Amino acid sequence: MMQKLTHDAAEASKAGLGGGLRRWDMLSTMSEAVLMSPHPYKIPESVLVVIHTTGLEVLMLERADRPGFWQSVTGSKDHLDEPLLETARREVGEETGISVAALPPGALVDWLLANVYEIYPVWRHRYAPGVTRNTEHVFGLCVPAGTPVTLAPREHLQYRWLPWREAADLCFSPSNAEAILQLPAHFKPAALAAEESPAPAGTGESS
């Protein structure tokens, strides 16, 4: 279930972290396992980046390790103190070749939404023993139509630009589909936003 991001422990418990365990306590426990492992485990905190155009065409990627599974850009933190915004920038560059730094300021937007979900059993071995849930933070990235995409062959086989509803239908992940369905609520072109803004008091003309 998608929800507003909160750092309050009680809300974290409601989000499904269980037993009142604070999210940062869980990550601290994870850090010990990461440091002790010769092959560091994945950190159970990640980003989902919905890449789209102003016309709400959404970029979809087909997983190389699961052909037929389509998704948005996703990826875990590289280290526990990596800022989520940096995680999002890095994953976008690694998976699509798109440089967020080359886009206008504000192109990458934190939607302030987080999804806590059960890690699929097939991928659970990538995480420390006992870790079964991941917290995914949702971002949107607006790019110009026709933006070139360069895939990382080890991660994805092909890509498609699709209207947002079709993109949501293509997703194998319910949380990814839900995020895409929320795109129209989180993105409005500047011209439309200006039209919807109330006029300043005292500037109207009488007829």
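Can you name the condition, by its number, that Arg23 falls short on among (1) of a type in the set (Lys, Arg); (2) modelled with pLDDT under 95; (3) touching a Phe, Trp or Tyr at 6+ places or on another chain (Cβ under 8 Å)?
(3)
If I ask for residues that are touching a residue at least 12 places away in the same chain (Cβ under 8 Å), more than 17 Å from the chain's Cα centre (by Cα) and under 24 Å from Arg63 (Cα atoms), which ones from the range 80-135 would you list?
If the condition is that a residue be touching a residue at least 12 places away in the same chain (Cβ under 8 Å), more than 17 Å from the chain's Cα centre (by Cα) and under 24 Å from Arg63 (Cα atoms), then Arg126, Tyr127, Ala128, Val131, Thr132 are the ones that fit.
Just the residues that are in contact with an Asp or Glu (Cβ under 9 Å, 6 or more places away or on another chain) and either basic (Lys, Arg) or not in a loop (DSSP other than H, G, I, E, B) (or both), please, taken from the range 61-75.
If we filter the range 61-75 for residues that are in contact with an Asp or Glu (Cβ under 9 Å, 6 or more places away or on another chain), which is where we start, we get 61, 63-65, 68-71, 73-75.
Residues satisfying the conditions are Leu61, Arg63, Trp70, Gln71, Val73, Thr74, Gly75.
If you take the residues of the range 115-148 that are of a type in the set (A, V, I, L, M) and surrounded by fewer than 18 Cβ atoms within 10 Å (Cβ to Cβ), which of them is modelled with the highest pLDDT?
Going residue by residue through the range 115-148, those that are of a type in the set (A, V, I, L, M) are 116, 119, 122, 128, 131, 138, 141, 143, 145.
Going one step further and asking which of them are surrounded by fewer than 18 Cβ atoms within 10 Å (Cβ to Cβ), we end up with 119, 122, 145.
Numbers: Ile119: 91, Val122: 89, Ala145: 96.
In this case the residue turns out to be Ala145.
Within the range 169-184, restricting attention to residues that are touching a helix residue (DSSP H, G or I) at 6+ places or on another chain (Cβ under 6 Å) and touching a residue at least 40 places away in the same chain (Cβ under 8 Å), which residue is surrounded by the most Cβ atoms within 10 Å (Cβ to Cβ)? Break it down into steps so the answer makes sense when it comes.
First pass over the range 169-184, keeping only residues touching a helix residue (DSSP H, G or I) at 6+ places or on another chain (Cβ under 6 Å): 171, 177, 180-181, 183.
From the residues that got through so far, the ones that are touching a residue at least 40 places away in the same chain (Cβ under 8 Å) too are 171, 180, 183.
Details: Cys171: 20, Ile180: 26, Leu183: 18.
Here the answer is Ile180.
Go through the range 125-167 and give me each residue that's aromatic (Phe, Trp, Tyr) and closer than 21 Å to Ala114 by Cα. I'd like the intermediate steps shown before the answer.
Applying the first criterion (aromatic (Phe, Trp, Tyr)) to the range 125-167 yields 127, 139, 159, 161, 164.
Tyr127, Phe139, Trp164, listed by residue number.
What is the number of the single condition among (1) farther than 17 Å from Gln71 by Cα; (2) out of contact with any helix residue (DSSP H, G or I) (no Cβ under 6 Å at 6 or more places or on another chain) that Val122 does not meet?
So the condition that Val122 fails would be (1).
Kindly check whether there is at least one residue in the range 41-48 that is touching a Leu at 6+ places or on another chain (Cβ under 6 Å), surrounded by 20 or more Cβ atoms within 10 Å (Cβ to Cβ) and either closer than 15 Å to Trp164 by Cβ or without any contact (Cβ under 8 Å) to a residue 24 or more places away in the chain (or both).
Within the range 41-48, none of the residues are touching a Leu at 6+ places or on another chain (Cβ under 6 Å), surrounded by 20 or more Cβ atoms within 10 Å (Cβ to Cβ) and either closer than 15 Å to Trp164 by Cβ or without any contact (Cβ under 8 Å) to a residue 24 or more places away in the chain (or both).
Kindly indicate which of Glu82, Glu91 is closer than 20 Å to Ala179 by Cβ and not in a strand (DSSP E or B).
Details: Glu82 fails: closer than 20 Å to Ala179 by Cβ.
Result of the check over Glu82, Glu91: Glu91.
Scan the range 118-137 residue by residue and report those that are in a strand (DSSP E or B) and in contact with a Pro (Cβ under 8 Å, 6 or more places away or on another chain). Outline the logic, then answer.
Within the range 118-137, the first condition is being in a strand (DSSP E or B), and the residues that meet it are 118, 127, 133-137.
Once the filter is applied, which keeps residues that are in a strand (DSSP E or B) and in contact with a Pro (Cβ under 8 Å, 6 or more places away or on another chain), the range 118-137 yields Tyr127, Arg133, Asn134, Thr135.
Do you know which residues across the range 78-94 are over 16 Å from Trp111 (Cβ atoms) and of a type in the set (Gly, Ala, Ser)?
Listed by number, the list holds a single entry, Gly93.
What residue, among those in the range 97-110 that are touching a Pro at 6+ places or on another chain (Cβ under 9 Å) and buried (at least 16 other Cβ atoms within 10 Å of the Cβ), is nearest to Pro148 (Cα to Cα)? Quick ask: steps written out before the conclusion?
To start, the set of residues in the range 97-110 that are touching a Pro at 6+ places or on another chain (Cβ under 9 Å) comprises 97-98, 103.
With the extra rule that they be buried (at least 16 other Cβ atoms within 10 Å of the Cβ), the set shrinks to 98, 103.
Numbers: Ile98: 7, Leu103: 13 Å.
The extreme case among them is Ile98.
Output the residues belonging to the range 60-96 that are within 20 Å of Cys171 (Cβ to Cβ), buried (at least 22 other Cβ atoms within 10 Å of the Cβ) and of a type in the set (Val, Ile, Thr).
Selection gives Val73, Val92, Thr96.
The values are calculated or read from the model by the stated rules, or taken from the named source; none is laboratory data. All values derive from a computational prediction rather than experimental measurement. Virtual Cβ from ideal backbone geometry, glycine too; neighbours counted across all protein chains shown.
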